[in-house]
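A.B. asks: Got a structure for you, written out below as structure tokens; questions coming shortly.
The values are calculated or read from the model by the stated rules, or taken from the named source; none is laboratory data. No experiment lies behind these values; they were computed from the predicted model shown. We place every Cβ from the backbone using ideal geometry, glycine too, and count neighbours over all the protein chains shown. We work out accessible area using only protein heavy atoms, side chains counted, and drop any ligands, DNA or RNA first. Shrake-Rupley method; radii C 1.70, N 1.55, O 1.52, S 1.80 Å.
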Amino acid sequence: MYAPLPLDPTAPPVTINLFSDTQTRPSRAMREAMLDAEVGDEQLGLDPTVNALCARVAALLGKEAAMFLPSGAMCNSVAILTHCRPGDEIIAHESAHIIEAEGGAPWALAGARVHGLHGARGFFTPDDLRASLRAPSRYSAPQTLLEVEQTSNLGGGAIWPLDVLNQLAGIAHEAGMATHMDGARLMNAVVASGIAAADYAAPFDTVWIDFTKGLGAPLGAVLAGSAEVIDRAWRWKQRLGGALRQAGICAAACLYALDHNIDRLAQDHANARRLAAGLAGIAGLQVETPETNLVYADVAASGRSPNDWAASLRAQGIMVSVMGRTRLRLCTHLDVTAGMIETTIAAFAAIN
Ligand SMILES: *Cc1c(COP(=O)(O)O)cnc(C)c1O
């Protein structure tokens, strides 16, 4: 589903980067915050800036404890390794990032397979989950973890309703499973819905937020849970080489992001809606109305492939991503202005 970044050395410079919200560059003010960070040995628990960040995120997510990790993918792997044993089964949506875009990490690192449930917009229902559960027996893989993505990336940035999350986690817990939320874009869901991060996180044993997507930091993600689960997770952080040294330099960027880059996600959502509305008026494009910052356009009816569209846009300095055989994804973020959205809509119209 996720296509690699098209690297064409002859292409003009990228002036409008809608490829991903990972493409944000740390601002000067964020870099200045990094410059002044107090630091120590993170691995020994002695980096005051990392400790401050973990305390902030634990409070934000309503959990007892948190740990700093270099990336969201490592948060998923650490959590899966903490919850699962080799041979276990994880239940997630079939489009989940842990299935599509983490190099097969659950299988390769944890020896756990991920069973993907179907459903539009990256969602499945409590009935789907119930139907996927088996009575434990010596013949079948133990089903030990439920994983959901808030927002659903390949589901178009769609926001899981809180009551559905509560029902899903209730069913999983009743079946003796643990629950994990991939919150790469949880803060987008929070800003768009007005529902607190801690409310979305409450029914999940582990949850993380990413600082390298819309929050604009160069690296870093924070995984939160009970003190007991984070304590167990530390062994996996150590084993994977995710225990760090003077990581406060990076945590300072994340603290800056918490203070300055959350409320402004609303602008990204407004830009995404304007972009979708503009593209919807172009013949051959089928555009889903975005709930957050991801805009998916299906180009099947245009008679041109998504790669063809992406290449034509790239020739004009506009970078988008190709998702699967018929879709383009355009992602708004803090380095994308309202003016760039208008330029992009005009570029699409000109190609068509
Ligand atoms: C980006 C992303 C990840 C991985 O986060 P990184 O910080 O890039 O490792 C995981 N899940 C989802 C849904 C993502 O979009």
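A.B. asks: Please specify each residue of the range 133-182 satisfying the condition of being small (G, A, S) and surrounded by 17 or more Cβ atoms within 10 Å (Cβ to Cβ).
C.D. replies: S152, G155, G156, G157, A158, A169, A172, A175, A178
A.B. asks: Looking at (1) within 15 Å of the ligand (Cβ to nearest atom); (2) open to solvent by less than 30 Å² (accessible area, probe 1.4 Å); (3) in a helix (DSSP H, G or I), which one does L129 not meet, given that it meets all the others?
C.D. replies: Checking L129 against (1) within 15 Å of the ligand (Cβ to nearest atom); (2) open to solvent by less than 30 Å² (accessible area, probe 1.4 Å); (3) in a helix (DSSP H, G or I), the one that fails is (1).
A.B. asks: Select from the range 48-69 the residues that are under 15 Å from G225 (Cβ atoms) and not small (G, A, S) and list them in ascending order.
C.D. replies: Selection gives C54, V57, L60, L61, K63, E64, M67, F68, L69.
A.B. asks: Please work out if A257 is open to solvent by less than 10 Å² (accessible area, probe 1.4 Å) and over 19 Å from T15 (Cα atoms).
C.D. replies: yes
A.B. asks: Among the residues that make up the range 108-116, is at least one of them more than 17 Å from the chain's Cα centre (by Cα), within 16 Å of the ligand (Cβ to nearest atom) and free of Cβ contacts under 8 Å to residues at least 24 places away in the same chain?
C.D. replies: Taking the range 108-116 first, the residues more than 17 Å from the chain's Cα centre (by Cα) are 108-116.
Remaining after also requiring within 16 Å of the ligand (Cβ to nearest atom): 108-110, 114, 116.
Going one step further and asking which of them are free of Cβ contacts under 8 Å to residues at least 24 places away in the same chain, we end up with 108.
Within the range 108-116, one or more residues are more than 17 Å from the chain's Cα centre (by Cα), within 16 Å of the ligand (Cβ to nearest atom) and free of Cβ contacts under 8 Å to residues at least 24 places away in the same chain.
A.B. asks: Let me ask something else. Looking at V78, V50 in this structure, which one is touching a Lys or Arg at 6+ places or on another chain (Cβ under 8 Å) and either among the hydrophobic types (A, V, I, L, M, F, W, C) or on the phi < 0 side of the Ramachandran plot (or both)?
C.D. replies: V78
A.B. asks: Hey, another quick one. For residues in the range 32-53 being of a type in the set (D, E) and over 15 Å from A66 (Cα atoms), which is surrounded by the fewest Cβ atoms within 10 Å (Cβ to Cβ)?
C.D. replies: D36
A.B. asks: Follow-up. Return yes when R121 is open to solvent by 50 Å² or more (accessible area, probe 1.4 Å), modelled with pLDDT of 95 or more, among the basic types (K, R) and under 19 Å from the mean Cα position of the chain (by Cα) and no when it is not.
C.D. replies: yes
A.B. asks: Right, another one. So which pairs qualify, if the first residue must be in the range 144-166 and under 9 Å from M181 (Cβ atoms), the second must be part of a loop (DSSP other than H, G, I, E, B) and more than 15 Å from the ligand (Cβ to nearest atom), the Cβ gap must be under 8 Å, and the two must be at least 6 apart or on different chains?
C.D. replies: These pairs meet every condition: L165/P203.
A.B. asks: Also: Take the residues in the range 55-94 that are over 21 Å from A172 (Cβ atoms) and not in a helix (DSSP H, G or I); name whichever of them is farthest from the ligand (Cβ to nearest atom).
C.D. replies: Once the filter is applied, the top-ranked residue is A65.
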